[in-house]
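A.B. asks: Input: one structure, supplied below.
The values are calculated or read from the model by the stated rules, or taken from the named source; none is laboratory data. Here the structure is a predicted model, which means the values were calculated and not measured. No Cβ is skipped: glycine too gets one built from the backbone with ideal geometry, and neighbour counts run over all protein chains shown. These accessible areas exclude ligands, DNA and RNA; they are computed on the full protein's heavy atoms, side chains included. Shrake-Rupley method; radii C 1.70, N 1.55, O 1.52, S 1.80 Å.
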Amino acid sequence: MKKTSVSRALFELLSSMRFAISLLTLLAIASIIGTVLKQNDAYNAYLNQFGPFWFPIFEKLGLYAVYNAGWFLTILAFLVVSTSVCIVRQIHPMTKEMRAFKEHARETSLRLFKHHAEFEIGDYASAEQSTRAYLQQIGFSSRENPREDGLLIAAKRGAWGRWGYFLAHGGLVVICLGGLLDGNLPLKLQMALGGKKPTQGNQLIADIPAASRLSEDNWSYRGNVFIPEGRSSDTAILNVADGILLQPLPFTISLQKFHIDHYETGQPKRFASDIILTDKKTGQSLTRTIEVNKPFEYAGVTLYQASFDDGGSKLSLRAWPLAGGAPEDIEGAIGEQRPLKGYTVEYTAFRPFNVENIAEPPADSQSALTQFEAHLGSAAKRTEHKDFRNLGPSLTYKLRDSAGQAREFLNYMLPMEQDGRWFLMAGMRESQAEGFRFMRIPVDDAGRVDSFFAIRTILLDPKQHERLAQRFAKAVAQVDQAANPSADMQAKLKETGLRTLQLFSLRGFESLGAFIDKSIPEKEREQVAGNFIQILKSIVWQAWMVAREEQKLPALEPTPQHNAFIGDVLNSVSDSFHYAAPVYLQLSQFEEIQASVLQATRSPGKKWVYLGSLLLVLGVFAMLYVRERRIFVLIKRDGKALFALSSNRVSLDVEREFAQHRDALRQALNTPAADSMKTAP
Amino acid sequence: MTELTRAPTAPAELLRRLGLIDWLYALALVAGAGYALMHFCGFMDAYEKSFLVLAVPLFSWLGWRWSGLRNMLIAAAIAAFASITLYAQDLGRAEKVFLLKYFLSSQTAIMWMSALVFFATGAYWLGVVARAQFASRLGSALTWSAAGAGLTGLLVRWYESYLISPDVGHIPVANLYEVFVLFTVLTALIYLSYERRYATRQLGPFVLLVISAAVGFLLWYSFTRNAQDIQPLIPALQSYWMKIHVPANFIGYGAFAVAAMVAVAWLCAERGILKAHIPPLEVLDDVMYRAIGIGFAFFTVATILGALWAAEAWGTYWQWDPKETWALIVWLNYAAWLHMRLTKGLRGAVLAWWALIGLVVTSFAFLGVNMVLSGLHSYGSL
Ligand code: HEM
């Protein structure tokens, strides 16, 4: 085998241990990147995060999909090549080593062993016998070499452990190659050679061009199949960079029913899809249930319960216009987009129930001892004060204005109790990054929001302000009978009421607060604010009565409950100035339709990876726990014996075994002939 | 050269040496497994039954070879059995029955474990400072007791989870709190096995420090976050793979932790710190190699089991999820360490530092990923 010096040097480098150590370290460090930077996210998200300067640079470096980046695969390739070269390089010496007994070792080299000893022997013939017997007893196989000066017995044990080296390192190569089959290299090839191109945007599946459809015989893929209840699908969607590709499946899956079971605490317990799978070629159908941790394989494609979604639940809604006017009943479905008052409404999510822990946290004043005691006993104890309550169905939707800006809304269907009063919660947020801020809409005696909206409409209608102020002044006058107010006083009261109401209808408490801060001395502010609230509450009461009159309903008696209600209405009307939407959509009825997301995978490399893993485990255990030991005993006719021991790893066991064998052999060889004849088997 | 390690016993000799307790112990294992098979057959699948059956020879063999382990297992089993009897299927009794409240309920047992770990650390260090053999022996006894208390706590916790509701019941290796208790028990046992094998208690002061740190975290986690509450298993965790993946992983973590603390001892001794109280450097090197070897072997198995599980739960055996990737990083790191040791010339200080840094990397993989990087990836997003 003659090689040029360059390729020889390369061979040396690739198979050197130092190169292996460097590669392992480099790979470990490179792997960190993808754990710090979220992988395979939407390109927009990266653009937002890094800005227009760094975004393309990071994209070039492949940082958004590090583990598929060329440079990363190159490191892996080096590892595979290096390991393979190592294996190739070791095959010859190692197999030789495993077979050899080295019975031709020279005395001088034995004396160079770290572990060697020399001792007197009793009788040459029996020494040979005893050595053989001893080696057999300790499980070594041996070979003898009669020499001029005596006999060299070379013995070994555990040399087969070196197979571990081939198993482990070979296993590693097999794993990497198997992984390559399942990685996205096959897909990249199809995109590069087969002209396949991911498609962007929201198209109907039927409109997706052929260039974005992969072949049914594609041998390696991983995609998601989205199926609403009662519908079927035969296509998986593959997410690629910033687009999608379609993968036709060899069968059609129809979803009968999707199940979610819950624990008592509301945590999910089981996700399962009842499916009927129909083979496209044979037309045969099978019924199966797929669950998390219980996948199903058919025709080389494995189906997993990956996720779930709404499959287009039907919604009946009542749209309450915030600018005033009568409510309107509309229909919608999750996933739909519809025009609404100059906006587009997008119904994004529906939840049939929301279990939440609404318990108050325990008081902080517990003593250290009671706190400690709370941590004794059984682990089933609820130390964390929990009170689970089902808050009922909720709907999430977005309202997008003509400029494309969207706000997100979260509305509950059922009222929630707070401090003995009941509210419908209407949440809004400007962006995903924020939490929802809630407008608490108080419900009336009948549990409806009609009163609130009626009062609000009247309260904020400038045409009604005169009338409300008038009624307010009159009502105050009636209460203050003793003072017997003059017309002048009445006019003043009306003026105050009107001014207050007008101020409030600009921006609610915000504009009132600004007014107070500007024109009232600090000392009196609190009192004035209290007065304003009193005035506004009276006006709200009047507005309520006006509303009832208009609806030909009888007037109400002012009770504490009603008083609390008008306070809540006032707060809520003030909050509604921050509720940036033309309507509030109240969920009145729904029909839930769920969808299951199954993952369809064809991974031809899997069995190779598993085989490689098995080899790796066997190999690692063999290398670490099958210890190679060699014993050499040179029995010389001149009445001396040389004992030497070697191993392929440095370890204290070697020291101990050396001492043990040395002492045993010394004793066995040193005894006079007669004795040893007796003990010999 | 003096004998620095004990010779392992050959199988034939082992059988000859077995005493009455050994046989009773094995009989109890058989009886226990038989009872479970007869009464809970309906609740177990084929994998669980075969694990149960295989556990009998495995634990017999371990207990026969290592009488300390055998005694601890017997004690923990008796304690857990007493606890179950006292519970009489009523969780409320944890508050009322004195023995349960102050000794045998799971949380109390785990608190005892924590206290015993601290006491053991103190005793070992007292042994160093006062040069008192007795204190070091006490340290070993306390470490054994801590392991026993922790194991009792886990066994009782397992039972308690079924008392909450049969559908909530699961083996306590499913969340960070439970695995920290497991880590404490396993690391203590790994250390004790070296204490026996190398016939030295001088590594105790070092190794117990890392166990104390783990217990410190456990207490913090439980007092500030109430992490001890038993939670039902989300669907992705309902897998028999979990039951072997997690313990295998923690044998790995435990062994790496022991190796790192031995590395600290190495670095101290090399600088002449406490040199008189630390075993010779070649012993330290040997313990480190042995610990990293066993850790690496189990970690390899654990990572592969994790991949098999991921294939079933998420549909891919490997998806470069942060937790998986960090497991790979840990694995590569120790592979590099093992190769390093094989290379002549790179010994001693470099290996010690590397083993110590290895613990930092391992801790990050085990804790840091959950705390710092979890926001990036929802594990089992269902
Ligand atoms: C991820 C990659 C690798 C892993 C997990 C791995 C694992 C192992 C293990 C566990 C040992 C046994 C160590 C001991 O007994 O103390 C070993 C030994 C060895 N490895 Fe690797 N290895 C890897 C890559 C490589 C590479 C790339 C090379 C070649 C350049 C290599 C060459 C060797 C050699 C020559 C031995 C010594 C074998 C003997 O003397 O018995 N390894 N390897």
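A.B. asks: Given charges of +1 on the Cβ of Lys and Arg and -1 on the Cβ of Asp and Glu, with all other atoms neutral, how large is the dipole of segment B:1-136 about its Cα centre, in debye to the nearest 20?
C.D. replies: Numbers: 10 positive and 7 negative charges, 63 e Å.
Roughly 300 debye, rounded to the nearest 20.
A.B. asks: Something else now. Compute the helix-to-body angle for A:525-550: its Cα long axis versus the longest principal axis of chain A, expressed 0 to 90° and rounded to tens.
C.D. replies: It works out to around 70 degrees.
A.B. asks: What net charge do the residues around A:PHE590 carry, taking every other residue with its C-beta under 13 Å from that of A:PHE590, with Lys and Arg at +1 and Asp and Glu at -1?
C.D. replies: After counting each charged neighbour, the total is -1.
A.B. asks: Then there's this: Membrane-span-like helices in chain B: DSSP H runs reaching 27 Å or more (Cα, own axis), mean Kyte hydropathy at least 0.0? It would help to have the intermediate numbers written out before the result.
C.D. replies: On the way: long enough: B:20-39 (28 Å, 1.38); B:46-65 (29 Å, 0.71); B:67-87 (30 Å, 1.35); B:106-129 (34 Å, 1.29); B:133-164 (46 Å, 0.52); B:176-197 (31 Å, 0.97); B:204-225 (30 Å, 1.50); B:240-270 (46 Å, 1.13); B:281-313 (46 Å, 1.24); B:322-342 (30 Å, 0.30).
Qualifying helices: B:20-39, B:46-65, B:67-87, B:106-129, B:133-164, B:176-197, B:204-225, B:240-270, B:281-313, B:322-342.
A.B. asks: Could I ask something else about it? Placing +1 at every Lys and Arg Cβ and -1 at every Asp and Glu Cβ, with all other atoms neutral, what dipole size does the protein assembly as shown have around its Cα centre, in debye to the nearest 20? Provide the component values of the computation, followed by the final result.
C.D. replies: Numbers: 102 positive and 91 negative charges, 814 e Å.
Using only the charged Cβ atoms, the result is roughly 3900 debye.
A.B. asks: I've got another one for you. Output ³J(HN,Hα) for segment A:85-98: one whole-Hz value per residue in order, computed from phi by the Karplus curve 6.51 cos²θ - 1.76 cosθ + 1.60 with θ = phi - 60°, and x for Gly and Pro.
C.D. replies: Calculated HN-Hα couplings, in order: 4, 4, 4, 4, 5, 8, 3, 5, x, 6, 5, 5, 4, 5 Hz.
A.B. asks: Additional query: If the reach is capped at under 15 angstrom between alpha carbons, list the aspartates and glutamates near A:LYS188, excluding any in the same chain fewer than eight residues apart.
C.D. replies: A:ASP242
A.B. asks: A further question on this structure: What figure in square angstrom, to the nearest 10, would you give for the accessible area of A:HIS92 with a 1.4 Å probe?
C.D. replies: Taking all protein chains as shown, A:HIS92 has close to 130 Å².
A.B. asks: Further, regarding this structure: Ignoring ligands and nucleic acids, what accessible area does B:LEU99 show with a 1.4 Å probe (Å², nearest 10)?
C.D. replies: Surface accessible to solvent at B:LEU99 totals approximately 80 Å².
A.B. asks: Mind checking the full-extension length gain between A:ARG338 and A:LYS398? Use 0.36 nm per residue of separation minus the Cα-Cα distance, one decimal, nm.
C.D. replies: Working: separation 60, 0.36 × 60 = 21.60 nm, distance 1.07 nm.
Additional length available on full extension: 20.5 nm.
A.B. asks: Over segment A:1-140, with the other protein chains present, what is the accessible area per residue in square angstrom, probe 1.4 angstrom?
C.D. replies: Each residue of segment A:1-140 exposes 59 Å² on average to a 1.4 Å probe.
A.B. asks: Which order do you get for A:ARG8, B:ARG271 if you rank them by accessible area with a 1.4 Å probe, largest at the top? Walk me through the intermediate numbers first.
C.D. replies: Working: A:ARG8 85, B:ARG271 135 Å².
Solvent-accessible surface, decreasing: B:ARG271, A:ARG8.
A.B. asks: For A:GLU128, A:GLU148, what's the largest-to-smallest order of accessible area, 1.4 Å probe?
C.D. replies: On the way: A:GLU128 35, A:GLU148 180 Å².
I get A:GLU148, A:GLU128, largest accessible area first.
A.B. asks: A follow-up question, please. In debye, nearest 20: dipole of segment A:511-579 around its Cα centre with unit charges on the Cβ of K, R (+) and D, E (-)?
C.D. replies: Working: 6 positive and 9 negative charges, 19 e Å.
The calculated dipole for segment A:511-579 is roughly 100 debye.
A.B. asks: I'd like the GluC sites (Glu not before Pro) in segment B:1-87 restricted to DSSP loop residues with at most 13 other Cβ atoms within 10 Å, sorted by number.
C.D. replies: Details: sites: B:GLU3, B:GLU13, B:GLU48; in loops: B:GLU3.
Passing both the DSSP loop test and the Cβ count: B:GLU3.
A.B. asks: Return one number: the angle in degrees, 0 to 90 and rounded to the nearest 10, between the long axis of the Cα atoms of helix A:487-507 and the longest principal axis of the Cα atoms of chain A.
C.D. replies: Helix A:487-507 sits roughly 30 degrees off the main axis of chain A.
A.B. asks: How far, in nm, would the chain grow between A:GLN432 and A:ILE208 when pulled straight, counting 0.36 nm per residue and subtracting the alpha carbon separation?
C.D. replies: On the way: separation 224, 0.36 × 224 = 80.64 nm, distance 2.95 nm.
So the chain would gain 77.7 nm between A:GLN432 and A:ILE208.
A.B. asks: Does anyone have the angle between helix A:560-576 and the longest principal axis of chain A? Alpha-carbon axes, 0 to 90°, nearest 10?
C.D. replies: So the inclination is approximately 70 degrees.
A.B. asks: What does the accessible area per residue of segment A:551-647 come to in Å², with a 1.4 Å probe and no ligands, DNA or RNA counted? Let's see the in-between values first.
C.D. replies: Values: 3930 Å² over 97 residues.
That works out to 40 Å² per residue.
A.B. asks: Then there is this: Per residue in segment A:25-74, which ones lose no less than 30 Å² of accessible surface when going from chain alone to all protein chains (1.4 Å probe)?
C.D. replies: Residues losing area: A:ALA28, A:SER31, A:ILE32, A:THR35, A:LYS38, A:TYR67.
A.B. asks: Calculate the mean, over all residues of peptide B:163-171, of how many other protein chain Cβ atoms lie within 10 angstrom of the residue's Cβ. Please report the intermediate quantities before stating the final value.
C.D. replies: Working: counts 2, 5, 3, 0, 5, 6, 0, 0, 0.
The mean count of partner-chain Cβ atoms within 10 Å per residue comes to 2.
A.B. asks: Just subtract the alpha-carbon distance of A:GLU591 and A:THR95 from 0.36 nm times their residue separation and send over the number in nm, one decimal.
C.D. replies: On the way: separation 496, 0.36 × 496 = 178.56 nm, distance 7.14 nm.
Difference between extended and current length: 171.4 nm.
A.B. asks: Along the positive direction of the dipole of segment B:151-247 (beta-carbon charges: Lys, Arg +1; Asp, Glu -1; about the Cα centre), which of B:ALA199, B:ALA174, B:TYR162 reaches farthest?
C.D. replies: B:ALA199
A.B. asks: Another one. On a C-alpha basis, how far is the centre of segment A:17-90 from the centre of segment A:215-268 in Å? Whole number, if you could?
C.D. replies: So the separation of the two Cα centres works out to 30 Å.
A.B. asks: Continuing with the same structure: Tally up the carbon and sulfur contribution to the accessible surface of the protein assembly as shown as a whole percent, 1.4 Å probe, everything protein left in place. Walk me through the intermediate numbers first.
C.D. replies: Values: 30930 of 51240 Å².
Answer for the protein assembly as shown: carbon and sulfur cover 60 percent of the accessible area.
A.B. asks: While we're looking at this one, here's another question. Below 18 Å, Cα to Cα, which aspartates and glutamates can B:LYS101 reach? Residues fewer than 8 away in the same chain don't count.
C.D. replies: In chain and number order, the partners are A:GLU373, B:ASP90, B:GLU160, B:ASP229.
A.B. asks: Solvent-accessible area per residue for segment A:229-294 at a 1.4 Å probe radius, Å²? Intermediate values should be presented prior to the final figure.
C.D. replies: Values: 3080 Å² over 66 residues.
Ligands and nucleic acids excluded, the result is 47 Å² per residue.
A.B. asks: Same structure again: With a 1.4 Å probe and every protein chain left in place, tell me how much accessible area B:TYR253 has, in Å² to the nearest 10.
C.D. replies: Rounded to the nearest 10, the figure is 20 Å².
A.B. asks: For a 20 Å ceiling on Cα separation, which of these pairs sit above it: A:LYS114/B:LYS275; A:LYS294/A:LYS606; A:LYS38/A:LYS197; A:LYS474/A:LYS523; A:LYS269/A:LYS606?
C.D. replies: Details: A:LYS114/B:LYS275 27 Å; A:LYS294/A:LYS606 17 Å; A:LYS38/A:LYS197 24 Å; A:LYS474/A:LYS523 30 Å; A:LYS269/A:LYS606 29 Å.
Violating the 20 Å Cα-Cα cut-off are A:LYS114/B:LYS275; A:LYS38/A:LYS197; A:LYS474/A:LYS523; A:LYS269/A:LYS606.
A.B. asks: With r defined as the distance between the Cβ atoms of A:PHE353 and A:ILE138 and R0 fixed at 51 Å, what FRET efficiency is calculated, to the nearest 0.05? Display every interim value, and only then the final one.
C.D. replies: On the way: r = 71 Å, r/R0 = 1.40.
So, using R0 = 51 Å, E works out to roughly 0.10.
A.B. asks: Buried accessible area between A and B (1.4 Å probe, both chains summed, ligands and nucleic acids excluded), in Å² to the nearest 100? Provide the component values of the computation, followed by the final result.
C.D. replies: Working: alone 38730 and 18940 Å², together 51240 Å².
Accessible area lost upon association: around 6400 Å².
A.B. asks: Additional query: What FRET efficiency would be calculated for the residue pair A:VAL528, A:ALA323, taking the C-beta separation as r and a Förster radius of 30 Å, to the nearest 0.05? Before the final figure, lay out each step's value.
C.D. replies: Values: r = 31 Å, r/R0 = 1.03.
Here the calculated transfer efficiency is 0.45.
A.B. asks: Still on this structure, please answer the following. Using a 1.4 Å probe and counting only protein heavy atoms, arrange B:TRP331, B:TRP320, A:TRP422 so the residue with the most accessible area comes first. Please list the in-between numbers first.
C.D. replies: Values: B:TRP331 40, B:TRP320 60, A:TRP422 125 Å².
Greatest to least solvent exposure: A:TRP422, B:TRP320, B:TRP331.
A.B. asks: What number comes out for the charge environment of A:PHE119, summing +1 per Lys or Arg and -1 per Asp or Glu over other residues with Cβ under 9 Å away?
C.D. replies: Working: positive: A:LYS640, A:ARG662, A:ARG666; negative: A:GLU118, A:GLU120.
The answer is +1.
A.B. asks: If each of A:GLU148 and B:ALA10 carries a label point 7 Å out from its Cα toward its Cβ, how far apart are those two points in nm?
C.D. replies: Result: 3.8 nm between the two label points.
A.B. asks: In peptide B:304-317, how many Cβ atoms from other protein chains are near each Cβ within 10 Å, on average? Could the numbers behind the result be given before it?
C.D. replies: Numbers: counts 8, 2, 0, 5, 3, 1, 0, 8, 6, 7, 8, 13, 8, 10.
Partner-chain Cβ atoms within 10 Å, mean over residues of B:304-317: 6.
A.B. asks: If you don't mind, another one. Is it possible to state the helix-based mean residue ellipticity at 222 nm for the protein assembly as shown, with each DSSP H run of 4+ residues giving -39500 (n - 2.57), the sum divided by total residues, to the nearest 500 deg cm²/dmol? What is it? Intermediate values should be presented prior to the final figure.
C.D. replies: Details: 31 runs with 554 residues, N = 1063.
Only helices count here, giving -17500 deg cm²/dmol.
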